[in-house]
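K.L.:
One structure coming up, written as C-alpha cells, with questions to follow.
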Amino acid sequence: WLRPRLQGAEAPTALFCTADHYAHAFLIVLNNLGIRVPADCSVASFDDIHIASMLIPSLTTVHVYKQAMGQIAVERLLARLNGDDTPRQIILVGTRLMIRHSTGPAPR
C-alpha cells in the first residue's frame, strides 16, 4: 500500500517524521523501494538522537535541548512539592536545525 504513494507522479518530494526513529525506518523503506534520498525524496525529522548523524545518509533533524527541558521539569516539580502550584507559561528552550545529507533540492 505504501509503494504507490511513494512512487510515480504524485510521490512526495520530502517527508517529515515526528521522531528520528520513524525517519530511520523510512530511510530503510525508501532504500528498499529504490527511492534515492535526497535525490528523489528528502527526509527530515525531530529529536537528533545519537545515531542520526551516523545513518546513511545522515539525517537532517531538529536538535532538542533535552537536558535543559529536564532541568525545567525538575525545577517545576520541586516548586510544586514545595506548595507553589501557580500556573506558569513555560517557553521551552530553543531548538537547532541540524542540516545533514538526507535533505536537498526537490527533484524536477
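The values are calculated or read from the model by the stated rules, or taken from the named source; none is laboratory data. From a predicted model like this one, the values you see are computed outputs, not experimental measurements. As a convention, Cβ positions derive from the backbone with ideal geometry for all residues, glycine included, and neighbour counts pool all protein chains shown. Remember, those area values only see protein heavy atoms, side chains included, never the ligands or the DNA or RNA. Shrake-Rupley method; radii C 1.70, N 1.55, O 1.52, S 1.80 Å.
K.L.:
Can you give the local net charge around PRO12? Use residues other than it whose beta-carbon is closer than 11 angstrom to its beta-carbon, Lys and Arg +1, Asp and Glu -1.
P.N.:
-1
K.L.:
Then there's this: Work out the length of the dipole vector of the chain about its Cα centre, built from +1 on the beta-carbon of each Lys and Arg and -1 on the beta-carbon of each Asp and Glu, and round it to the nearest 20 debye.
P.N.:
The dipole of the chain has a size of about 220 debye.
K.L.:
FRET efficiency for TYR22 and ILE51, Cβ-Cβ distance as r, R0 = 22 Å, nearest 0.05?
P.N.:
0.95
K.L.:
A further question follows. Hey, of [x] 15, 55, 29, 1; [y] 14, 36, 22, 15, 10, 3; [z] 15, 49, 31, 5, which did the structure itself give for P(r) over Cα pairs in 10 Å bins from 0, in percent when calculated?
P.N.:
Step by step, P(r) over Cα pairs in 10 Å bins from 0, in percent for this structure corresponds to label [y].
K.L.:
Mean residue ellipticity at 222 nm from the helices of the chain, using -39,500 (n - 2.57) per DSSP H segment of n ≥ 4 over the full residue count, to the nearest 500 deg cm²/dmol?
P.N.:
-9000 deg cm²/dmol
K.L.:
Something else about it: In degrees between 0 and 90, to the nearest 10, how far off the longest principal axis of the chain does helix 20-32 point, with axes built from Cα atoms?
P.N.:
10
K.L.:
What relative contact order, as a whole-number percentage, does the chain give when Cα pairs under 8 Å and 6 or more residues apart are counted?
P.N.:
31
K.L.:
Quick one: net charge of SER45's neighbours, Cβ under 12 Å, K/R +1, D/E -1?
P.N.:
-2
K.L.:
Mean separation of Cα pairs under 8 Å and 6+ residues apart, divided by the residue count of the range 41-86: what relative contact order is that in percent?
P.N.:
Relative CO of the range 41-86 lands at 30 percent.
K.L.:
Given the options VAL37, ILE91, ALA73, identify the residue whose Cα lies farthest towards the positive end of the charge dipole of the chain (+1 on Cβ of Lys, Arg; -1 on Cβ of Asp, Glu).
P.N.:
So the residue we want is VAL37.
K.L.:
Next question, about the same structure. Using a 1.4 Å probe, how large is the accessible area of ASP85, given in Å² and rounded to the nearest 10?
P.N.:
That residue has around 110 Å² of solvent-accessible surface.
K.L.:
What FRET efficiency, computed as 1/(1 + (r/R0)^6) with R0 = 25 Å and r the Cβ-Cβ distance, is obtained for GLU10 and VAL62, rounded to the nearest 0.05?
P.N.:
The pair GLU10/VAL62 has a calculated efficiency of 0.40.
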